[in-house]
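There's a structure below that I have some questions on.
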Amino acid sequence: LFQAYERRFPTCPLIPMFVASDTVNEYKSEDEAIHVIERRCKLDIDAPRLLKKIAGVDYVYFVQKNSLNRRERTLHIEAYNETFSNRVIINEHCSYTVHPDNEDWTCFEQSASLDIKSFFGFESTVEKIAMKQYTSNIKKGKEIIEYYLKQLEEEGITFVPRWTPPVACKSESSTSHPRRPVSPAINIPESATKEGLNNKEILNTSSSPLEPTAGTPDDKLDADYIKRYLGDLTPMQESCLIRLRQWLQETHKGKIPKDEHILRFLRARDFNIDKAREILCQSLTWRKQHQVDYILDTWNPPQVLQDYYAGGWHHHDKDGRPLYVLRLGQMDTKGLVRALGEEALLRYVLSINEEGLRRCEENTKVFGRPISSWTCLVDLEGLNMRHLWRPGVKALLRIIEVVEANYPETLGRLLILRAPRVFPVLWTLVSPFIDDNTRKKFLIYAGNDYQGPGGLLDYIDKEIIPDFLGGECMCEVPEGGLVPKSLYRTAEELENEDIKLWTETIYQSASVFKGAPHEVLIQIVDASSVITWDFDVCKGDIVFNIFHSKRAPQPPKKDSLGAHSITSPGGNNVQLIDKVWQLGRDYSMVESPLICKEGESVQGSHVTRWPGFYILQWKFHNMPACATTNLPRVDDVLASLQVSSHKCKVMYYTEVIGSEDFRGSMTSLESSHSGFSQLSAATTSSSQSHSSSMISR
């Protein structure tokens with residue numbers, strides 16, 4: 001093992017960031033039992049160029065000390081940073097030891113600590129970079145060792161003799177201490193794939209990698225069955241599948257998933273049985289709780305989804321995987337969320353995944369080989385800023401989270417076509433929520449690149465390329481389009497869904513009466529935070545205001561009929577500003593009023609200047625009288641007649657985010673037009689406050 005490890009130096013092609021290393025100090029004991037090497041390693045950290053420029057370095061240096069004890073059969077590795085050691089302290093420790101129960105097994109342990117004292121104001125960035133690098137090192141550590149073990153084997157080195165004391169030491173040791181028996185040489189196995197156990201791994205280096213243990217089933221899967229339905233499995237992988245399936249049969253009350261599905265969870269966790277069992281049990285509980293097994297038989301998608309959800313199944317790819325086509329650029333994500341709610345949208349995505357599992361089984365029978373995943377083709381033609389609507393993106397991220405947790409290893413390939421310039425923004429938001437293994441399956445094509453070499457024809461037969469991509473095959477996927485606002489539903493209507501897959505809803509609804517505005521309190525601790533909002537005026541005309549106060553308003557009264565809190569079938573009404581408060585003394589207006597008409601959608605943001613309490617207010621809009629007379633205008637009278645009982649209704653969503661996270665957020669990108677231009681010009685002169693809003697009619 002040490003011989004394989006030493007091949008990483010002075011540089012390792014499997015670690016691109018490892019540029020070079022120099023031996024600083026080396027020590028060997030007379031009997032060669034102890035060998036200590038200290039190296040200075042040069043690393044090219046994957047960090048933003050601006051950060052490197054500010055720090056004034058292109059490379060960072062670490063000191064690594066390797067201590068090999070052949071007598072005890074241990075290898076200890078210590079590393080610490082030399083660069084910026086007065087600002088950042090990084091310590092890492094790894095050890096290879098003999099397993100106490102089987103001396104032909106090697107145990108591996110790894111730990112690290114990070115202490116950032118200061119780093120030019122980029123402490124959080126440095127922390128993220130360090131965690132990313134450390135996670136990557138953990139994942140690649142075993143892979144690199146296995147690579148060099150295989151290299152040794154190819155060179156004909158299949159065993160390494162154990163260390164034995166020199167002849168001069170034998171007589172002395174034999175007279176004073178009974179000598180321990182010497183084990184045979186270490187055999188390097190043909191396959192270096194082993195079962196991972198978190199950061200503590202057992203690498204079996206005996207010629208028989210799978211020793212029967214207590215509770216391990218001794219039966220094996222039929223070879224024809226494996227080849228026909230499961231694919232290539234190593235003996236270790238086959239054993240993991242059998243053991244996990246047997247454990248489910250003994251402990252799980254309910255439907256036992258098929259081998260193909262169990263195998264997906266094992267693959268998602270690199271055949272770590274403990275980790276796979278944990279996520280599989282969570283998924284089985286979730287499926288039972290929400291009756292997901294029966295979703296295809298018991299749930300019919302609403303007509304809105306059938307008409308406006310631009311996605312559907314379309315034949316299969318060249319590997320026999322079912323092909324799902326999604327015309328995301330033609331889909332009105334906001335309209336679907338507003339008309340259906342997140343619950344129905346998630347349920348529909350789950351039904352698509354369940355249908356995908358069913359189609360995989362069918363294709364396995366048709367093609368005579370295991371097909372456990374599908375291919376998804378996403379056409380982004382038409383994608384623009386309206387798709388980057390923040391609540392819609394949040395709903396998308398929550399859907400991704402549910403699918404990642406319950407349908408691992410089901411996406412074989414994702415083809416993203418005609419990606420526009422705005423796509424990198426959406427990708428930046430979505431990619432952190434997608435598993436690393438899944439991200440590797442993404443192929444992204446800009447413009448018409450998919451028509452060239454390495455494009456669509458490499459993965460899909462020419463005969464089934466959809467017509468809207470220049471092919472000859474008619475695709476029956478709905479074309480999408482804008483969802484009519486007449487189909488939008490209120491938060492209360494959406495909350496009455498019979499099955500809940502999420503416990504919370506993005507939107508809240510409120511009623512606004514003449515003389516009784518609706519107000520929302522937001523407490524800001526850190527100045528320069530960003531308050532964002534998105535609301536629709538469902539009924540009547542309102543005035544939107546933002547106020548600031550140094551002291552907290554009194555909480556609204558408990559009774560629903562009181563002056564401060566009114567509950568109505570159409571939504572809540574909460575008033576926070578006390579009647580005795582005076583504008584300019586007790587609280588101040590931080591943005592000019594914005595008049596919003598019925599049917600308008602408003603998105604905006606405000607960068608706070610001071611900590612304290614901010615109040616968002618939706619107020620009934622009184623129609624102004626004619627300028628030359630005291631009589632109201634005809635248009636105003638007609639408009640007032642449409643507002644029954646002087647009542648307005650809004651659906652709103654608010655969120656507070658840190659200013660450092662705001663630059664890449666949806667709101668800052670969407671709010672390209674200012675609705676608060678008059679007062680904003682005054683309040684932003686100090687570059688400390690900024691507000692913007694966009695109205696879509």
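The values are calculated or read from the model by the stated rules, or taken from the named source; none is laboratory data. Bear in mind that the values here come from a model prediction, so they are computed numbers and not experimental data. Every residue, glycine among them, receives a Cβ derived from its backbone with ideal geometry; neighbour counts consider all protein chains shown. Note: areas computed on protein heavy atoms with side chains; ligands, DNA, RNA excluded. Shrake-Rupley method; radii C 1.70, N 1.55, O 1.52, S 1.80 Å.
Checking Ile531 against (1) modelled with pLDDT of 85 or more; (2) on the phi > 0 side of the Ramachandran plot; (3) crowded, with 18+ Cβ neighbours inside 10 Å, which test does it fail?
Condition not satisfied by Ile531: (2).
Scanning segment 102-111 for residues that are in a strand (DSSP E or B) and polar (S, T, N, Q), which turns out most open to solvent (accessible area, probe 1.4 Å)?
This residue is Ser111.
Turning to a different aspect of this structure: Answer with yes or no whether Asp319 is of a type in the set (D, E, K, R), touching a Pro at 6+ places or on another chain (Cβ under 8 Å) and in the same structural domain as Gly480 (by the TED database).
Against the criterion (of a type in the set (D, E, K, R), touching a Pro at 6+ places or on another chain (Cβ under 8 Å) and in the same structural domain as Gly480 (by the TED database)), Asp319 does not qualify.
Just the residues that are surrounded by fewer than 15 Cβ atoms within 10 Å (Cβ to Cβ) and closer than 24 Å to Glu260 by Cβ, please, taken from segment 297-318.
Asp297, Thr298, Lys318 - these are the residues of segment 297-318 that are surrounded by fewer than 15 Cβ atoms within 10 Å (Cβ to Cβ) and closer than 24 Å to Glu260 by Cβ.
Going through Lys117, Lys65, Lys132, Lys52 one at a time, which residue ends up being assigned by the TED database to the domain that holds Pro16, within 25 Å of Pro13 (Cβ to Cβ) and at pLDDT 75 or above?
Exactly one residue qualifies, and that residue is Lys65.
Could you list, in sequence order, all residues of segment 380-397 that are farther than 13 Å from Asp332 by Cβ, assigned to a loop (DSSP other than H, G, I, E, B) and open to solvent by less than 40 Å² (accessible area, probe 1.4 Å)?
Within segment 380-397, just Leu380 meets the criteria.
Need at least 1 residues that are in contact with a Phe, Trp or Tyr (Cβ under 8 Å, 6 or more places away or on another chain) per element, so show me which helices (runs of 4 or more DSSP H) inside segment 244-358 make the cut, counting only ones lying wholly within it.
259-268, 273-289, 303-308
Kindly indicate whether Phe271 is on the phi > 0 side of the Ramachandran plot, surrounded by 15 or more Cβ atoms within 10 Å (Cβ to Cβ) and not assigned by the TED database to the domain that holds Leu383.
yes
Only one of Leu340, Leu346 is farther than 21 Å from Ile464 by Cβ, surrounded by fewer than 20 Cβ atoms within 10 Å (Cβ to Cβ), at pLDDT below 90 and in contact with a helix residue (DSSP H, G or I) (Cβ under 7 Å, 6 or more places away or on another chain). Can you tell me which?
Leu346
Let me ask another. Considering only residues that are assigned to a strand (DSSP E or B) and either of a type in the set (S, T, N, Q) or over 11 Å from Gly612 (Cβ atoms) (or both), which ones fall in segment 522-533?
Gln523, Val530, Ile531, Thr532, Trp533
Looking only at residues in segment 112-125 that are touching a residue at least 12 places away in the same chain (Cβ under 8 Å) and in a loop (DSSP other than H, G, I, E, B), which one is nearest to the chain's Cα centre (by Cα)?
Checked segment 112-125; the qualifying residue nearest to the chain's Cα centre (by Cα) is Phe122.
Could you please tell me which pairs satisfy a Cβ distance under 7 Å, a separation of 6+ or placement on different chains, a first residue in segment 322-344 that is touching a residue at least 12 places away in the same chain (Cβ under 8 Å) and over 30 Å from Asn363 (Cα atoms), and a second residue that is assigned to a helix (DSSP H, G or I) and basic (Lys, Arg)?
These pairs meet every condition: Lys334/Arg386; Glu342/Arg398.
Can you tell me which of (1) open to solvent by 50 Å² or more (accessible area, probe 1.4 Å); (2) in contact with a Gly (Cβ under 9 Å, 6 or more places away or on another chain) is the one Glu362 doesn't meet?
(2)
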